[in-house]
Amino acid sequence: MSIFFRKFFLIAFSLQLVASCGGKEIALFHEGKAWEEKGEKTKALYFYELSLRQNADYEPVLKRMGLLLAESPRSRATALYYLEKYETNHKEDIEVKRELFRLYLTTGYEKEALQIIEEIRFQGNKEVLEFFESTYLCLTRNTKQKDYLKVLELSPLAADPYYAPWVRTCESKI
């Protein structure tokens, strides 16, 4: 009987240890999110990094890290790493798709940008698809930029503060 109790105690102790460690990445994520909401991006990144040390695949942190790092031109490669890792399991996340698309275009990864366009085509969102295609063509081709710019300007997405700089970037290329 004592062997049974020893095994039971070891299993119970192991489960308690796993349970106590399992929530640490969540608490650190929330701490980082609170700092991010206050505009303290460096502190937010610090807590996100601590969270990833607890669980390297914790998806909410992968997304936030990627989106925050994407804001800095010096951190594009790292942002791509986190966003690609997140996007593997969240193909439907348009916020991550558009950021990956922007990063791919600004870093010269045209093939990967085209892959994003194909995924959007598969999802069936025609409005977003036309905007992404026109952006891609305007920024990667040397002909018909005025046609692509017109499509961008007429798109309902042009009024979105996130997409407006894409229109201006296309304008500057003409």
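The values are calculated or read from the model by the stated rules, or taken from the named source; none is laboratory data. All values reported here derive from a predicted model rather than from experimental measurement. Note: ideal-geometry Cβ built from the backbone for every residue, glycine included; neighbour counts use all protein chains shown. Just the protein is used for accessible areas: all its heavy atoms, side chains included, with ligands, DNA and RNA removed. Shrake-Rupley method; radii C 1.70, N 1.55, O 1.52, S 1.80 Å.
A few comments on the model shown:
- The numbered conditions (1) more than 27 Å from N125 (Cα to Cα); (2) assigned to a helix (DSSP H, G or I); (3) not hydrophobic (A, V, I, L, M, F, W, C) are all true for E95 except (1).
- Count of residues meeting criterion [assigned to a helix (DSSP H, G or I) and more than 24 Å from L68 (Cβ to Cβ)] in segment 103-124: 8
- Any hit, segment 75-87, residues being within 17 Å of Y163 (Cβ to Cβ) and within 18 Å of the chain's Cα centre (by Cα): no
- Filtering P165, P161 for residues that are within 23 Å of the chain's Cα centre (by Cα), assigned to a loop (DSSP other than H, G, I, E, B), without any contact (Cβ under 8 Å) to a residue 60 or more places away in the chain and surrounded by fewer than 17 Cβ atoms within 10 Å (Cβ to Cβ) leaves a single hit, P161.
One line per residue, one yes/no per condition, for (1) modelled with pLDDT under 60; (2) within 18 Å of K97 (Cα to Cα); (3) open to solvent by less than 100 Å² (accessible area, probe 1.4 Å); (4) not hydroxyl-bearing (S, T, Y):
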residue: A12; (1), (2), (3), (4): yes, no, yes, yes
residue: G23; (1), (2), (3), (4): no, no, yes, yes
residue: L28; (1), (2), (3), (4): no, no, yes, yes
residue: R64; (1), (2), (3), (4): no, yes, yes, yes
residue: A70; (1), (2), (3), (4): no, yes, yes, yes
residue: S75; (1), (2), (3), (4): no, yes, yes, no
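- Residue match in segment 34-56 (condition: in contact with an Asp or Glu (Cβ under 7 Å, 6 or more places away or on another chain), among the hydroxyl-bearing types (S, T, Y), part of a helix (DSSP H, G or I) and under 25 Å from T107 (Cα atoms)): no
- When segment 125-142 is limited to residues that are closer than 21 Å to A158 by Cβ and part of a loop (DSSP other than H, G, I, E, B), the one that is modelled with the lowest pLDDT turns out to be N125.
- Screening segment 77-125 for residues that are charged (D, E, K, R) and free of Cβ contacts under 8 Å to residues at least 24 places away in the same chain and picking the one that is least open to solvent (accessible area, probe 1.4 Å) gives K97.
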